[in-house]
Amino acid sequence: MSEEIILDRASRQILAELQRDARQTVQQLAERVGLSATPCWKRVKQMEAAGVIRGYTALVDRAKVGLGLRVVVEANLQQHSEEAVRRFEEAVAASPNIVQCVSTTGQADYLLTVLATDIQHYEQFLHGTLFKLPGITHVRSSIVLREVKSEVRLPL
């Protein structure tokens, strides 16, 4: 059970610092935000318990691990019943190549971000996975030519 938390200036500074470098020690973090180590550590633990901090991860260069192709996919569903949506979203969640999925307003029901090694790999994924997702009626793929901005840090 997560607890309610109020984010004051110091907590926001801690979050900004952790987004910049989550590997720093509590002592380094405390020095950067102007607190002593114990209160800083307590704030981090409170934010973890409240779900403000959901976890820690490494940022991996996708091109250097062979995932050089990024595709933005517009997907529409045939039905929008609770069951159809649940089945589609579960299938999306189970597909590792789909790294982001958002439900949207407008022409597409969903926007997906798909990573692949190359265009042939994406074509295989398209026919072997995407077209077979439950309830899919329409798919439109846009190949990303260049990422202008791809930020994971929140503007705190």
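Observations
- Residue match in the range 55-70 (condition: aliphatic (A, V, I, L, M) and under 16 Å from PHE131 (Cβ atoms)): no
- Scanning the range 43-55 for residues that are over 14 Å from GLN13 (Cα atoms) and among the basic types (Lys, Arg) yields LYS45, ARG54.
- Check on VAL26, surrounded by 12 or more Cβ atoms within 10 Å (Cβ to Cβ) and over 23 Å from the mean Cα position of the chain (by Cα): yes
- Residue match in the range 10-23 (condition: more than 23 Å from the chain's Cα centre (by Cα) and surrounded by fewer than 12 Cβ atoms within 10 Å (Cβ to Cβ)): no
- Failed condition for LEU154, given (1) within 17 Å of the chain's Cα centre (by Cα); (2) assigned to a strand (DSSP E or B); (3) farther than 16 Å from ASP61 by Cα: (2)
- Scan of the range 99-151 for residues that are in a loop (DSSP other than H, G, I, E, B), touching a residue at least 60 places away in the same chain (Cβ under 8 Å) and not aliphatic (A, V, I, L, M), ordered by number: GLU147
- Residue that is farther than 25 Å from THR117 by Cα and surrounded by 14 or more Cβ atoms within 10 Å (Cβ to Cβ), where the choices are GLU89, GLU74, GLU31: GLU31
- Close pairs (9 angstrom Cβ cut-off, 6 or more residues apart or separate chains): assigned by TED's automatic domain parsing to the domain that holds GLY34 and under 10 Å from VAL33 (Cα atoms) in the range 11-22, among the small types (Gly, Ala, Ser) and surrounded by 15 or more Cβ atoms within 10 Å (Cβ to Cβ) anywhere: ILE14/ALA30
- Residue in the range 24-41 that is within 24 Å of GLU151 (Cβ to Cβ) and outside any helix (DSSP H, G or I) present: yes
- Filter result for ARG70 (in a helix (DSSP H, G or I) and within 30 Å of HIS138 (Cα to Cα)): no
The values are calculated or read from the model by the stated rules, or taken from the named source; none is laboratory data. Note that the structure is predicted; figures quoted are calculated from it, not measured. Glycine also receives a Cβ, built like all others from the backbone with ideal geometry; neighbour counts cover every protein chain displayed.
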